[in-house]
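The values are calculated or read from the model by the stated rules, or taken from the named source; none is laboratory data. All figures in this text were calculated on a predicted structure; none of them were measured in a lab. Counting neighbours? That spans all protein chains shown, and the Cβs are built from the backbone with ideal geometry, glycine included.
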Amino acid sequence: MNKDQSSLIAKKNIQLSEEDESILDDFIKSNCSYYYMINFLRITAGDVKKAIQLYFFDEQIRSILLKYILRLEIQMKKDFVDTVYSTTSDSCFWNKPNYFNKQFTTPKQNNIESLFDVVVKEIANRMRSMNYSSSSDKNHQAFYAMSFGSFLKFYSGMHLKYHFDFSEKYFIKGKPNLVEGLKRYLNNIRIIRNRCCHSNHLVSVKLKNDLNFHTSLLNGYIGDIKSEFEKTIKIIKICEDHAFEQGCIPEYNGIDTIKKAEDDSLSDADINSATTGQSWWRKSQIANNRKAYVLSDGIILLMSGWSGMRMFAIDVNGKRGPNKWGYDIFAFSVAAEKGGSLNLIPAYLLSLVEKGGK
């Protein structure tokens, strides 16, 4: 590790032993850079082995998401073309300014070209590079050729009527706030798509928290994504419930038994009161009512009972000890303040850390 790399790690308040530095050096030589690993090291409090495991987990998630985002992108472009054509009967509406709002078609200040002119020129160049022959159906050709970013510019620039028509395809009818939310949702898809395409990690990705609309927008892909997730991360066993009894998980403490260990004077009533709203992380719930995945490398994923992937836990070395919260099993949340950014963070609603853990 050179001075610049040491300085970078020190700025993040990460301390590495000589052994950890050696492991990190060997890993980086064949996988990535120090700059890429910094965020994983920060999240795992400088635990290099856990950071490397998180790196591969992030890599697998990106490959799953990209596959389905590309499908969604193609489908949504087609749906949009079909929607606008159904009300205009214009087989070449994509390059006609009368379908777009004035802000999109008017040059800004000293610019000669409007945003509409720039995007149309870009799409025309892409169509030529793809050797499209002349066709009566220019709309589908144009939307297939345009990037997802250009599609979002076009979608945003068209008259509001087409936004409402398009939204109705996804059961968002007569609700302006949801129509606007759909536009922001598509922008979040673009951000995730670009990160997946360009190998930018998804851990702590910041997204605008504007996703409150009808889930049918995903066109039934959620089940497929879940299935692909289970297949891609090489799961060898799934326990829908009774995970301890079925051998998916070792015996874990829960938030109730951790509190009892911290203060033996607490009564059962005191503990129940103190863990209200956190019942899915009590010991009996973890053992009996928690879905668990066992991966081929021994890692265990625990889902919370009410939130799916919005709150989950990872046991980084599986059944091997110590099987203690804050040592080798950690809880994570996908959360945000109202109107803020979504982040993958340590579960902030819980204190699932046993004495001596982190």
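Number of residues in region 283-305 that are within 16 Å of E245 (Cα to Cα) and out of contact with any strand residue (DSSP E or B) (no Cβ under 6 Å at 6 or more places or on another chain) equals 7. The residues of region 236-265 that are at pLDDT 90 or above and more than 20 Å from K319 (Cβ to Cβ) amount to a single one, S265.
With respect to (1) within 34 Å of the chain's Cα centre (by Cα); (2) within 28 Å of Q141 (Cβ to Cβ), the lone exception for D58 is condition (2).
The condition (being surrounded by 14 or more Cβ atoms within 10 Å (Cβ to Cβ) and either over 13 Å from E251 (Cα atoms) or modelled with pLDDT of 85 or more (or both)) is satisfied by just one residue among G326, G340, G298: G326. Scanning region 41-56 for residues being surrounded by 19 or more Cβ atoms within 10 Å (Cβ to Cβ) and among the aromatic types (F, W, Y) gives a total of 1. Residues in region 28-40 that are exposed (fewer than 14 other Cβ atoms within 10 Å of the Cβ) and assigned to a helix (DSSP H, G or I): K29, S30, Y35.
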